[in-house]
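To start, the structure itself, in structure tokens.
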Number of protein chains: 2
Amino acid sequence: MANSTSQTKPKRVRRDRKDEILEKATALFGEYGFQGATLARIAEATGLTEPGVLHYFPSKVHLLQGVLEYHDRKEVERYSGILQKEKESVFEILKLHEGVLIEEQKTPGLIQLFVVLVGESVRSDHPSHDFFVERYRRVREMYVEQFLRMNQPRFRRDVEPEKLATLILAVVDGLQIQWLLDPQKVDVQAAFELFSKMVAGYMSE
Amino acid sequence: MANSTSQTKPKRVRRDRKDEILEKATALFGEYGFQGATLARIAEATGLTEPGVLHYFPSKVHLLQGVLEYHDRKEVERYSGILQKEKESVFEILKLHEGVLIEEQKTPGLIQLFVVLVGESVRSDHPSHDFFVERYRRVREMYVEQFLRMNQPRFRRDVEPEKLATLILAVVDGLQIQWLLDPQKVDVQAAFELFSKMVAGYMSE
DNA sequence: TCTTACCTAACTAGCGCTAGGTAAGAAATT
DNA sequence: AATTTCTTACCTAGCGCTAGTTAGGTAAGA
């Protein structure tokens with residue numbers, strides 16, 4: 001029986017198995033996509049069998065939803081403090097987001113999860129389609145609100161906040177894609193800094 | 001018996017079945033992704049059986065490669081004329097790309113193909129990973145060359161062309177993602193115009 | 001006759017998921 | 001305190017389906 005911890009007490013009391021599964025599933029969905037990541041592999045990574053996983057999440061789709069909500073929640077509680085603060089200028093907002101971008105580079109699995117899934121979920125019948133549509137809308141609105149709340153005297157009138165929000169999101173996503181594909185050839189921070197300068201320059205023109 | 005242009009053409013009288021398959025496969029890979037699109041559906045769409053398709057492409061992966069190369073080639077011959085031209089300013093370059101962006105909106109299947117596949121292929125063992133890495137490098141270099149060839153007197157020295165190239169690509173990709181997810185809420189052209197103005201303003205500052 | 005362009009049939013592997021069990025701990029009952 | 005019952009946390013086995021792929025055939029044009 002080798003190094004097994006004695007057969008007398010086989011059942012260990014695992015409290016946070018659910019989170020454990022969520023973590024592993026995140027990594028694997030990120031690596032292989034929703035369709036590509038199999039229940040078998042997720043189960044294996046967690047040290048369970050497939051029905052073991054399905055004991056916590058009744059189906060694979062439920063698991064995906066769990067993963068999405070789990071990280072969305074975590075993300076919100078991680079950044080909401082930062083983002084709620086009053087800001088003076090667009091430049092300041094961008095500075096903050098640059099920090100977030102850099103921070104996120106430390107968890108490539110998570111970035112990959114969102115990039116891969118957002119690609120898949122472009123299909124309207126994909127299980128996470130609605131989630132992403134809603135998420136993007138929400139984030140854009142959040143930006144717009146921030147812009148409007150800003151007490152910057154020289155804010156250009158002709159810049160519709162909606163456009164700017166869309167643009168910033170696009171830059172973030174686009175940079176992450178290129179970085180994931182070719183990490184050593186793409187300098188996300190440098191490119192984003194350039195973008196920030198352009199925005200700042202234009203806004204205060 | 002090989003290369004030397006054997007005059008007896010083995011080509012079938014049948015129309016270009018290969019291209020026909022490629023076209024259908026493009027649409028379906030775009031809609032369902034590589035893993036999601038089944039050979040059965042591709043075969044059905046072409047009016048063949050599965051082995052019928054495999055007669056032309058020995059495996060599904062070969063088919064994918066075929067699709068990628070096919071459209072890359074088409075894209076090059078469609079835009080190389082435009083892009084080779086001498087340009088005066090960055091703004092002019094961006095104007096051209098805005099046109100391309102608008103033009104591409106007419107073939108959402110193709111955009112979707114690339115967005116979905118680029119997401120999937122972030123994995124280093126995905127069959128189209130190398131293709132996309134190489135493609136992005138090539139496109140960035142193309143931009144860089146154009147910037148350097150530009151005879152604009154007021155070109156800002158501190159803007160490294162590499163950064164700008166990365167940024168432009170990011171914007172294009174990011175906008176397309178948002179547009180695919182939520183077509184009626186995202187105005188690609190408006191956002192891109194804003195971006196162009198920012199770039200132009202910054203460059204000639 | 002040889003090659004090309006398909007076909008039908010079938011194989012195999014892998015997928016998500018279900019059925020039904022077992023064993024451990026908690027709660028309820030004696 | 002001991003016993004029964006209930007609940008939770010898994011397990012093994014396997015089902016039904018679909019995927020990509022192969023084997024081997026046929027029919028027609030060069």
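General remarks:
- Computed log₁₀ I(q)/I(0) - Debye formula, equal Cα scatterers, no solvent, the range A:14-70, q 0.30 Å⁻¹: -1.48
- Taken across both chains, chains A and B shield about 4300 Å² of accessible surface from a 1.4 Å probe.
- Restriction of the trypsin sites (Lys or Arg not before Pro) in the range B:18-99 to DSSP coil positions whose beta-carbon has at most 16 other beta-carbons within 10 angstrom yields B:LYS85.
- Counting only other chain Cβ atoms within 10 Å of each residue's Cβ, the peptide A:157-163 averages 3.
- Interatomic Cα distance distribution for chain A, bins of 5 angstrom, percent: 1, 6, 13, 16, 16, 14, 11, 8, 6, 4, 3, 2, 1, 0, 0
- Within the range B:65-114, all pairs of alpha-carbon atoms sorted by distance into 5 Å bins from zero give the percentages 5, 17, 24, 25, 15, 10, 4, 0.
- Structural descriptor for chain A: relative contact order 22 percent, calculated from alpha carbon pairs under 8 angstrom and at least 6 residues apart.
- Carbon and sulfur %, accessible surface of the range B:13-67 computed with the full protein complex present, 1.4 Å: 52
- Cα-based Kirkwood hydrodynamic radius, the protein assembly as shown, one decimal, Å: 23.5
- For B:VAL186, no residue has an amide H sitting under 5 Å from its own, ignoring neighbours fewer than 5 places away on the same chain, with H placed 1.01 Å from N.
- In loop segments of the range A:59-98 as defined by DSSP, the GluC sites (Glu not before Pro) with at most 12 further C-beta atoms inside 10 Å of their C-beta are A:GLU86, A:GLU88.
- Normalised per residue, the volume of the convex hull around the Cα set of the range B:85-203 (Å³): 106
- Residue pairs exceeding 29 angstrom between C-alpha atoms, taken from B:LYS106/B:LYS197; B:LYS74/B:LYS163; A:LYS95/B:LYS197; A:LYS95/B:LYS85; B:LYS18/B:LYS185; A:LYS85/A:LYS163: A:LYS95/B:LYS85; B:LYS18/B:LYS185.
The values are calculated or read from the model by the stated rules, or taken from the named source; none is laboratory data. Just so it is clear, the structure is predicted and the values come from calculations on it, not from any experiment. Cβ atoms come from the backbone with ideal geometry, glycine included; neighbour counts cover every protein chain shown. These accessible areas exclude ligands, DNA and RNA; they are computed on the full protein's heavy atoms, side chains included. Shrake-Rupley method; radii C 1.70, N 1.55, O 1.52, S 1.80 Å.
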